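Have a look at the structure below before the remarks.
The values are calculated or read from the model by the stated rules, or taken from the named source; none is laboratory data. These figures come from a predicted structure and were not determined experimentally. Methodologically, a virtual Cβ is constructed for each residue, glycine included, from the backbone with ideal geometry; neighbour enumeration extends over all protein chains shown.
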Amino acid sequence: MRLALLPAFVARAVAMTPAFLALHAVPPDFDFTLHATRHEWMASHDVAFAPVTTNGLGVIIRGPDPFFTSPPLHVPPHVNLMVELRLRSQTGGWAQLFWFEGAASEADSVHFHCPRDQWTDVCLSLPPSAVPMRLRIDPPGTEGRAQLAWLRVSPAGGRGVHDAKVVADSLRLAVGNVRAPFQVMEVLPHQQLSDVSRGSLGAVGSPAGASGWIVPRMAPAAEGQRDRVLSGFVAIEAHPVHGWRPAGPVHHAGQLEAIAPPAAPPPRPSSKKGLQVQMTEDAVALGVRHAALNVNLTSLMDPEGRPDSYEWIVAGRRHGFDRAAIDALPVKPLSDSGAAVTLILLAYASGDPARDAIWLHPRYDSRAPNRLGAFNPVTEDGARWLQAAVEFLCHRFSRPGSPHGQVAHLIVGNEVTAHWHWANMGEVPASIFIKDYLRSVRLIHAAAARVTSSIRVHLSLDHHWNLTYGNAPLRAIPGRRLIDDFARTARLEGDFPWHVAYHPYPEDLFKAATWKDTSAFPAPTSPRITFKNLEVLTTYLARPELTWNRQPRRILLSEQGFHSDGTPRGDQLQAAAYAYAWHKVDSLPGIDAFILHRHVDHRDEGGLNLGLWRRRPGSIADPESPKPIHEVFRMADTPGRDEAFAFALPIIGVPDWSHVRVPANSGPDSKPGGKPMP
């Protein structure tokens, strides 16, 4: 590719930006292709160094645990960092980068994938670190060679494309700290930074001033036009040996609220009372103000394009959706009753190889216990169908006049912290899963924003906060790590308004008395967040590094329930647990909804009976009769609540509800929790 030289005044102006000056105070910039020295790097374990060449630092792998280590690096304190590197591996596989002061630990590391014998570019997000710190690189494989062309550490957000805004029919990009000559390249939703080194990206746009770039919003596609608000952008700079290299991360526009035509606002619920609805009429009679519906996108798809199917056009291509499956979604009766409707977007394995290749992540493992896969944003067809499905659903359920009802929230997947079970993309390290989950969430947010500004997009987490479900690090992620890593990477690559759907089940799902949970205590180091210490979540999300436009992310409690063992005592305990949880949730302003799971006991939930209704014997989930919790649920947001809830006080062991409710002044600087329980 031929790169056009920028005018000298542009290069000088870029070089004088504050970020550039700050960056030049940072010494960690190792380009082994230009300097035939190892810069005090150490061949620490199961490796030896080959002579440095213009291809970079050669690493000979000699055992099962190879790694090499940087010299001490003096980095800016108290700021997020980014590491840019280019690595090639003869064997291919997962590489790993550690950052540490004393000894390396798995918690302070990130994985990335290196295809076999190909240069791989990555830009990795690191949290603030001790000074000085060291880096450790574990290349893939147990034999063969690897080469590190360069490695650079700098403050996050100060290099390359670091801002992107939609202005009328263009995208305005801010570019900084890039050596002239440089260009800007578009990265499609299914592509990634390494496509730069593989030559599969195209340059776009043109300079606009000293540190800006303008890119037309719409681009020609094979059969129409596509919208670049779903794409990312990366700057590439001239390099004397490799020709060019990426500078900084792939950056996306995140402030998309104004790009869609005006939409009717969703219902504004009068309370937080919600339910995963099975019987619409009963839900309306109960006064449900939030309703959650599972939507299996795999089953909505009509790849044959039957004449009666609904259709949606993306980039000039038709995408068909099954009319009967769409019409069966009971959004209208629920939203007409005043409920805010949430769609939980899922991708079940269908058994049809062609269909599953589109919807399921390529790493999906057929051993997945629940047939639920992670979405597939990494192939062109997968990303395009996901965009089409989200745009179609948002268009159908957000139009003025609500001909089909309205949707207020989308939840991306289910309990992805336990991804092997509920969002399967095989056995993978946490950072690999988080990277592709972020890609799915970002794509879904951008697709929704093209249609409406009234629908929020949420991540889905279970109650494991500093634990992994099943103590299996390749199958589950602590919720706190997922939130922190997701937020930090999203901010580096262009933050956007994602929110949280949380499931604060009791620590033991068979024990409804959540106030007795021993692994839920009022601190961010708590192993779990259940209803007992729910205020930990709202306080944590108020941290400045996690906010959006200086406001905490909103929270839906989108799935949680309490078991009853079939005895009168068990039924009373279930109802008391709901009363306890209601008061805790009602007192926390950061939580928008408390959506109970389930409506009716279900045969296939491992013996759990979480419903408001008992199921008919011999059925899967046919309702037989309501349990005591049914009436407690109905009264939760009515003037008769205190009378209906009074039975629960002696069961819980408190004299009044002030011992459960969180004080109004609790916040990021307050000690969370209500009065001490007796």
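Points worth noting:
- Residue, nearest to Cys114 (Cα to Cα), within segment 139-165, restricted to residues that are among the β-branched types (Val, Ile, Thr) and crowded, with 20+ Cβ neighbours inside 10 Å: Val153
Here is a yes/no grid of residues against (1) surrounded by 18 or more Cβ atoms within 10 Å (Cβ to Cβ); (2) under 13 Å from Ala253 (Cβ atoms); (3) in contact with a Ser or Thr (Cβ under 7 Å, 6 or more places away or on another chain); (4) not aromatic (Phe, Trp, Tyr):
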residue: Val178; (1), (2), (3), (4): yes, no, no, yes
residue: Gln183; (1), (2), (3), (4): yes, no, no, yes
residue: Glu186; (1), (2), (3), (4): yes, yes, yes, yes
residue: Ser200; (1), (2), (3), (4): no, no, no, yes
residue: Ala208; (1), (2), (3), (4): no, no, no, yes
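- Among strands (runs of 3 or more DSSP E) entirely within segment 57-147, having at least 2 residues that are closer than 27 Å to Gly494 by Cβ and either touching a residue at least 24 places away in the same chain (Cβ under 8 Å) or in contact with a strand residue (DSSP E or B) (Cβ under 6 Å, 6 or more places away or on another chain) (or both) singles out 81-89, 93-100, 109-114, 120-126, 134-138.
- Candidate set from segment 272-295 (those that are crowded, with 17+ Cβ neighbours inside 10 Å and among the small types (Gly, Ala, Ser)); member that is nearest to Gly590 (Cα to Cα): Gly274
- Under the condition of being within 15 Å of Lys435 (Cβ to Cβ) and either of a type in the set (S, T, N, Q) or crowded, with 22+ Cβ neighbours inside 10 Å (or both), the residues counted in segment 466-481 number 1.
- Only one of the numbered conditions (1) surrounded by fewer than 21 Cβ atoms within 10 Å (Cβ to Cβ); (2) in contact (Cβ under 8 Å) with a residue 60 or more places away in the chain; (3) out of contact with any strand residue (DSSP E or B) (no Cβ under 6 Å at 6 or more places or on another chain) is not met by Arg554, and that is (3).
Quick grid of which residues meet (1) touching a strand residue (DSSP E or B) at 6+ places or on another chain (Cβ under 7 Å); (2) modelled with pLDDT under 95; (3) of a type in the set (S, T, N, Q):
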position	(1), (2), (3)
Tyr348	yes, no, no
Asn376	yes, no, yes
Gly382	no, no, no
Ala388	yes, no, no
Ser398	no, yes, yes
Ile434	no, no, no
Ala449	no, no, no
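- Subset of segment 593-615 that is under 17 Å from Ile529 (Cβ atoms) and of a type outside the set (Val, Ile, Thr) - its residue that is surrounded by the fewest Cβ atoms within 10 Å (Cβ to Cβ): His597
- Of the set (1) part of a loop (DSSP other than H, G, I, E, B); (2) crowded, with 20+ Cβ neighbours inside 10 Å, all apply to Trp420 but (1).
- Among the residues of segment 342-383, those that are assigned to a strand (DSSP E or B) and of a type in the set (Phe, Trp, Tyr) comprise Tyr348, Phe375.
- Single residue of segment 12-55 satisfying the filter (in a loop (DSSP other than H, G, I, E, B) and at pLDDT below 75) that is nearest to His162 (Cα to Cα): Thr17
- Residues located in segment 30-63, provided they are surrounded by 15 or more Cβ atoms within 10 Å (Cβ to Cβ) and among the acidic types (Asp, Glu): Asp31, Asp46
Okay, residues lined up against (1) closer than 21 Å to Arg450 by Cα; (2) touching a Ser or Thr at 6+ places or on another chain (Cβ under 9 Å); (3) among the hydrophobic types (A, V, I, L, M, F, W, C):
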residue: Val341; (1), (2), (3): yes, yes, yes
residue: Ile344; (1), (2), (3): yes, yes, yes
residue: Ala349; (1), (2), (3): no, yes, yes
residue: Pro353; (1), (2), (3): no, no, no
residue: Ile358; (1), (2), (3): no, yes, yes
residue: Asp365; (1), (2), (3): no, no, no
residue: Leu372; (1), (2), (3): no, no, yes
residue: Gly382; (1), (2), (3): yes, no, no
residue: Gln387; (1), (2), (3): yes, no, no
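- Residues of segment 386-409 satisfying the condition of being surrounded by 24 or more Cβ atoms within 10 Å (Cβ to Cβ) and in a loop (DSSP other than H, G, I, E, B): Phe397, Ser398, Gln406, Val407, Ala408
- Among the residues making up segment 322-373, those that are free of Cβ contacts under 8 Å to residues at least 12 places away in the same chain and over 30 Å from Ala285 (Cα atoms) are Gly351, Asp352, Pro353, Arg367.
- Test for His630: is it touching a residue at least 40 places away in the same chain (Cβ under 8 Å) and buried (at least 21 other Cβ atoms within 10 Å of the Cβ): no
- Residues considered: Ser89, Ser129. Of these, the only one that is buried (at least 21 other Cβ atoms within 10 Å of the Cβ) and farther than 18 Å from Arg152 by Cβ is Ser89.
- For segment 255-314, the tally of residues that are of a type in the set (S, T, N, Q) and in a helix (DSSP H, G or I) stands at 3.
- Filter result (in a loop (DSSP other than H, G, I, E, B) and among the aromatic types (Phe, Trp, Tyr)) within segment 618-662: Phe647
- Residue that is surrounded by the most Cβ atoms within 10 Å (Cβ to Cβ) [pool: residues in segment 243-267 that are at pLDDT below 90 and in contact with a Gly (Cβ under 9 Å, 6 or more places away or on another chain)]: Pro267
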